[in-house]
Structure formats: C-alpha cells, structure tokens
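Q: So that we are looking at the same thing, I have put the structure below in structure tokens.
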Amino acid sequence: MEDQSPKPIRCKAAVCRAAGEPLAIEEIVVDPPRAYEIRIKIVCTTLCHTDITFWQAKVAPVFPRILGHEAYGVVESVGEHVESFSAGDTVVPTLLGQCDHCPSCASEHNNLCTSVPVTLAPGMRRDGTTRFRDAQGNPLHDLLAVSSFSEYTVVDVNQVVKVDPAVPPKIACLLGCGAGTGVGAAWRLAKVEPGSSVAIFGLGSVGLAVAQGAKMCGASKIIGVDLNPDKEKVGKSIFHLHQQVFNFSSPNLKKKNCCFCSIAGKAFGVTDFVNPTQIDKSSVSEVIGEMTGGGVDYSFECVGVPSVMTDAFRSTRTGNGKTIILGLGNQTDLLCVPALELLFGKCVMGSALGGIKPKIDIPILAEKCMSKELELDGLVTHEVGLREINTAFDLLLQGKSLRCIIWMDK
C-alpha cells in the first residue's frame, strides 16, 4: 500500500539570518509533524513588537531564525496522538500551550502550562529540535515554537486553537497574541469592574486592545498615555482620513490612505489623553492623580520600559490599585517601585498573553468580535504580501502602523 504519512514540504519563508538585518525570502523545507504536532498552512500572519525584540537580539539571540507568532491558518496534516484536529480545520497558533490536565491548566488563576512549558529558547517544546531546514539542509531555528513567517509551520497540539471558519482571518490572527493579550489583561487578569478607572501607558496595538477590553468591562474613565499626540485621535474617536500618502515602492502594499495615527476606523474607548511631554506637573502620576481623585483603579504598562512601569505603578490608587505589566523589555531590565506603596495595598501583576487560556478564551473573544461587542478591525492599518514583509518592519519601527497583515498568497 502507498505510504500516506505526511512528507516534507518545500515552501517560501522569510528568514532572519542576523540581528537587525532585513529578512530574506528563501525556499525552505518543513518537516512532517511528529507525535503531538500539527503542520499548518499559514493563511496570514502579522508583525508584533515581540518579533522586533527577538529580531533585534534583545532576547534569546539565536540565528538564523524564522520569526512570527501571531497568525491564522489551516491544518495541513497531523502527527501521531493528535485526536482533536484534522486536515482542513481553521486554527490560530499561540505562543502559550494549554493541556487541560496539569495543575496550572486546571487552575482558573494560571495560564502557564507546566506539562509543555513555554520557553524563549528555540526548539519544539517536547524535544527541543527544529522542523525547518534551508535549501542546503542546514537547520533554521524557530520562534516561540510557532514561526509563522513561513508558508507552512509545525506547532505543538497544545499551542493550536480551533476557531470558527466564519471568523475573518485578519481578526482571528490578531487574537493569537496582541489583541488577545490586551483584551485579556483587562477582562481575565485585572477583571476590570464597571464604573472603574483605567490608565494605559502606550497606545500601540496592545494598549488599544486593553482600551477595548476595559470598555467591554464597563470602565467609566480610560486614560491613554502616549508621547505621540496623534494617538489621542486613535484612542478616543472615529479616525479622520488624512491626506498624507507614503511612497512605498511595492505595488502590493495595501494602504489605508493615511498614516496610522489618523486611520479611518472605530473608537477604541479612550476617554482622556495624557502626553508626558506636554504637562506642567512634575510627573504623569500627579496628573493622573488629579484627574481621578487619587489615582486609577487599574494601570496597564504596554511599552516594556522600566521607568514607564514605575510611572504606571505610581499612578494607581492607594489601597487597591493594580498595575499590570504587558510590555516586553530587555532580559536584564529591573523594575523599581516604592516598597511603602506596596505595603499600602498596591500590587503589580505580570501577564503572559493577558492571562487568557488560549483554547477556552480565544474562541470566546472571536465570538465577541463577530457580535461587535469587541471592535478590533481598526488595529489593522496595512496589508502586504510575504515578499513585502520588510515593509511591515519599516512601518512598525517608524511608528506608522499598528498591525500590518502579511498574506501568504499575495
């Protein structure tokens, strides 16, 4: 009988050969899935600031590497012992796994699986090996055991979430990291209460998703803090079309007729805005304290800078203020907060993927997007094909985009 087992696949991928260098489109080989693994045909992916951090070698500097971890795709084949997925399923890969039987997955207060734990080092999480090779047969390292900047990838079954095929690919893609992290941090981790006050430091994709999550939870005051004055328009109201058009050489770049800070879209829920460069007071925390009568109930840091984390902490209310850290900084960064303020009831919470349990919560968030309870469409500011992926890097590094969708078939 003919062998029906999956075979290696040759496909295109954007390969990072060295820190900070443009990605190269190369033909690679993707091995078949092994036990407890799924091979996915990527439909679309997007660029996240976490990818930038690894690309710049600020964390786990290993090359050559295939980056990318926020994506949507279709199951192409499955390995042994995979029972809940089959070819043709529409899925979202995630950087966190969920097994449902380890103590962490069984707990409603923990989303870090201990049976197949997350690691920043390359390699599949069960055996530490790679499923990628270049045209010469040399191994290519993965990123977070996802590596979505490839037409095909192999992911552990614990890191794959099945989603309704009716969910638009762009929206499903966002839920795999940035939007899921932001909304989840307000909804699942902080458990923002109706009528409460929120401050969000950094109004990028994650920060704006936090605003949507806080709005969904019923927060009455949502203060956005950002150095870019145009972010006020993005966060507070319907964006106005701007006449500025960027002169990119690629004919395949889908521009939304404007710079990102004035993109036509939906309101994200920010009610007030603070630009630290335009205040008379000595600190942002003092300004927020005056605006709220003593500080916000919840503060979210979405930048990854220790000094901003401290500002976020000092902006919360004495007695019960919560600070949630979402930004990814350097490995050597240290957080400094006044110990006395901790004694008086404030707390700091770390967050991986906003505290959501991927297999449970991503389908719920997708349903909320379909019902328009969540409005995440405005996070997508540009769209390119895989060959234009370096344009996506340029846009994000220049502060001209929120999320740039990268399509594999364009």
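Q: For a quick check of your reading of the filter: which trypsin sites (Lys or Arg not before Pro) in segment 8-92 sit in a DSSP loop and have no more than 15 other Cβ atoms within 10 Å? Working shown, then result.
A: Values: sites: Arg10, Lys12, Arg17, Arg34, Arg39, Lys41, Lys58, Arg65; in loops: Arg17, Arg34, Lys58.
Sites meeting the loop and neighbour criteria: Arg17.
Q: Taking a ≥ b ≥ c as the square roots of the Cα gyration tensor eigenvalues, with a/c under 1.5 meaning rounded and otherwise prolate when a/b beats b/c, else oblate, which class fits segment 1-116?
A: Taking the square roots of the gyration eigenvalues as a ≥ b ≥ c, segment 1-116 is oblate.
Q: Hey, what's the Cα Rg ratio for segment 362-410 versus the globular rule of thumb, 2.2 N^0.38 Å?
A: Details: Rg = 13.2 Å, N = 49, 2.2 N^0.38 = 9.7 Å.
Scaled against compact globular proteins, the figure is 1.36.
Q: In whole Hz, with x marking every Gly and Pro, tabulate ³J(HN,Hα) for segment 304-309 from phi via Karplus 6.51 cos²θ - 1.76 cosθ + 1.60, θ = phi - 60°.
A: x, 10, x, 5, 6, 4
Q: Right, here's the next one. If packing is taken as the mean number of other Cβ atoms within 10 Å per residue, what is the order of 203-215, 88-100, highest first?
A: Working: 203-215: 29.5, 88-100: 21.2.
Final packing ranking: 203-215, 88-100.
Q: Here is a follow-up. Shape call for segment 290-344 from the C-alpha gyration tensor, a ≥ b ≥ c root eigenvalues: rounded (a/c under 1.5), prolate (a/b greater than b/c) or oblate? Write down the numbers at each step before the final one.
A: On the way: a/c = 2.52, a/b = 1.64, b/c = 1.54.
It is prolate, given that a/c is not under 1.5 and a/b is the larger ratio.
Q: Here is a further query. Output the 0 to 90 degree angle, nearest 10, between the alpha-carbon long axis of helix 205-217 and the longest principal axis computed from the alpha carbons of the chain.
A: 70 degrees
Q: Still on this structure, please answer the following. What does the convex hull of the Cα atoms of segment 119-170 come to per residue, in Å³, rounded to a whole number?
A: On the way: hull volume 5.1 nm³, N = 52.
In segment 119-170, the Cα hull volume divided by residue count equals 99 Å³.
Q: Also, I was wondering about something else. Over the chain, what is the mean sequence separation of C-alpha contacts under 8 Å (at least six apart), divided by residue count, expressed as relative contact order in percent? If you can, show how the numbers build up before the last one.
A: On the way: 1031 pairs, mean separation 69.5, N = 410.
Computed over the chain, the figure is 17 percent.
Q: Still on this structure, please answer the following. Which of the GluC sites (Glu not before Pro) across segment 23-93 are loop residues per DSSP, with 13 or fewer other Cβ within 10 Å?
A: Details: sites: Glu26, Glu27, Glu37, Glu70, Glu76, Glu80, Glu83; in loops: Glu80, Glu83.
Answer in residue order: Glu80, Glu83.
Q: Name the residue from Leu174, Gly97, Ala214 whose Cα lies farthest towards the positive end of the charge dipole of the chain, charges +1 on Cβ of Lys and Arg and -1 on Cβ of Asp and Glu.
A: Of Leu174, Gly97, Ala214, it is Ala214.
Q: How big is segment 319-372 along each principal axis, measuring the range of its Cα positions in Å and listing the largest first?
A: Ordered largest first, segment 319-372 gives principal extents of 44, 30, 18 Å.
Q: Give me the dipole magnitude in Debye, nearest 20, for the chain about the Cα centre, with unit charges on the beta carbon: positive for Lys and Arg, negative for Asp and Glu. Please report the intermediate quantities before stating the final value.
A: Working: 39 positive and 43 negative charges, 100 e Å.
Rounded to the nearest 20 debye, it is 480 debye.
Q: Express in % the proportion of alpha carbon pairs of segment 37-187 at distances exceeding 21 Å. Before the final figure, lay out the partial values.
A: Numbers: 4886 of 11325 pairs.
Value for segment 37-187: 43 percent of Cα pairs lie more than 21 Å apart.
Q: Something else: When all C-alpha to C-alpha distances in segment 295-410 are sorted into bins of 5 Å, what percent of pairs does each bin hold, rounded to whole numbers?
A: Bins of 5 Å from zero give 2, 10, 13, 13, 16, 18, 14, 8, 4, 2, 1, 0 percent of pairs.
Q: Quick check on segment 127-211: what are the equivalent-ellipsoid semi-axes from the Cα gyration tensor, as sqrt(5λ), descending, whole Å? Numbers along the way, then the final one.
A: Values: eigenvalues 227, 44, 31 Å².
Semi-axis lengths for segment 127-211 are 34, 15, 12 Å.
Q: Just from its helices, what would the mean residue ellipticity at 222 nm be for the chain, if runs of 4 or more DSSP H residues each count -39500 (n - 2.57) and the sum is divided by every residue, rounded to the nearest 500 deg cm²/dmol? Don't skip to the answer; put the middle values down first.
A: On the way: 11 runs with 89 residues, N = 410.
Only helices count here, giving -6000 deg cm²/dmol.
Q: For the pair Thr277 and Ser104, what calculated FRET efficiency results from E = 1/(1 + (r/R0)^6), where r is the Cβ-Cβ distance and R0 = 41 Å, to the nearest 0.05? Walk me through the numbers on the way to the answer.
A: Numbers: r = 42 Å, r/R0 = 1.02.
The pair Ser104/Thr277 has a calculated efficiency of 0.45.
Q: Same structure, new question: Round to a whole angstrom and tell me the spacing of the C-alpha centers of segment 314-381 and segment 58-90.
A: Value for the Cα centre distance between the two parts: 25 Å.
No value in this document is a laboratory result; all are computed from the given coordinates. This structure is a prediction, so every number in the text was calculated from the model and none was measured. FYI the Cβ positions are ideal-geometry reconstructions off the backbone, even for glycines, and counts take in every protein chain you see.
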